[in-house]
Amino acid sequence: MTGGGAEIGAARRARLRGFYEAEAAAGTRDRLPDRRIDLRRRFTERVRADGRHRVLDLGAGPGLDVAGFAEDGLVAVGVDLAVGNGHLARSRGVTVVAADVAAVPVFDDVVDAAWSLSVLMHLDDAALVATLDELVRVTRSGGPVVLGLWPGGRDGEAWTDDETIPGERRYFERRPAPAMRRLLEDRFVVEDHERWDPPGYDVYWCRVPD
Ligand SMILES: C[S@@+](CC[C@H](N)C(=O)[O-])C[C@H]1O[C@@H](n2cnc3c(N)ncnc32)[C@H](O)[C@@H]1O
């Protein structure tokens, strides 16, 4: 990325953070759909079946999944851009650290498994690549990694939405599923790909190579 690109990326990230700080202040992200809860339970079963228990949630929001993992007996921690989400998570009795998913403040091989749902479409190409590399760096070899995001019809399809939180906007970049899958296969063993339709949501079941 050029210097100018980095500045645009920083401005976009600051605006995205503003959106999610406002969302955290409003407290509107307070429940998950049944299908998402079912996915989390299936992931938890896989983590346990592997004899693993430490899970990292990248882009954890207010810690709904982190709390769910903890209730199901896993040791879970989240990372999120919005400090307000860290406070909401703390009120749920779980930890979400304020940090960027593209630079996770933990040592290598520190977690057994990782999960990132509805986050990667907020990242530009450089941040997406850095985040996938971070997932590989922090997750022990063989660890399951589940990623969920909305796919797009063409490369570079990006927009901002300003409907959910009045006065705030957030960046979305939907990438075609084949392009996303190639990025994943460069780093992980992709074991399964679920397409939830409607609304057209992709869930990738990956594993960090041994
Ligand atoms: C659509 S919400 C999803 C939250 C949660 N994963 C869920 O599924 O309910 C996206 C979350 O990603 C976080 N996020 C976006 N970009 C991020 C970044 N670069 N670093 C850390 N968190 C980020 C936002 O703050 C927000 O909480």
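Just so you know, all these numbers are worked out from the coordinates, no wet-lab data involved. Keep in mind the model is a prediction, meaning the values are calculated, not measured. Every residue, glycine as well, gets a Cβ built from its backbone with ideal geometry; the counts of neighbours run over all protein chains shown.
Calculated mean residue ellipticity at 222 nm for the chain: -12000 deg cm²/dmol, from DSSP H runs with n ≥ 4 weighted as -39500 (n - 2.57), summed, divided by the residue count and rounded to 500. Of ASP186, ASP124, ASP50, the residue with the greatest mean-square motion in the GNM of the chain, using alpha carbon springs below 10 Å, is ASP186.
Taking amide H as placed 1.01 Å from N in the peptide plane, ARG175 has its amide H under 5 Å from the amide H of GLY152, each at least 5 places away in sequence or on another chain. Computed over Cα pairs, the Kirkwood radius of the chain leads via Stokes-Einstein (0.890 mPa s, 25 °C) to a diffusion coefficient of 142 µm² per second.
The trypsin sites (Lys or Arg not before Pro) of the stretch 1-101 meeting both criteria, a DSSP state outside H, G, I, E and B (loop) and at most 13 other C-beta atoms within 10 angstrom of the site's C-beta, are ARG31. Let me have the relative contact order for the stretch 3-207, percent, based on Cα pairs under 8 Å that are six or more residues apart. With pairs under 8 Å counted, the relative contact order is 18 percent.
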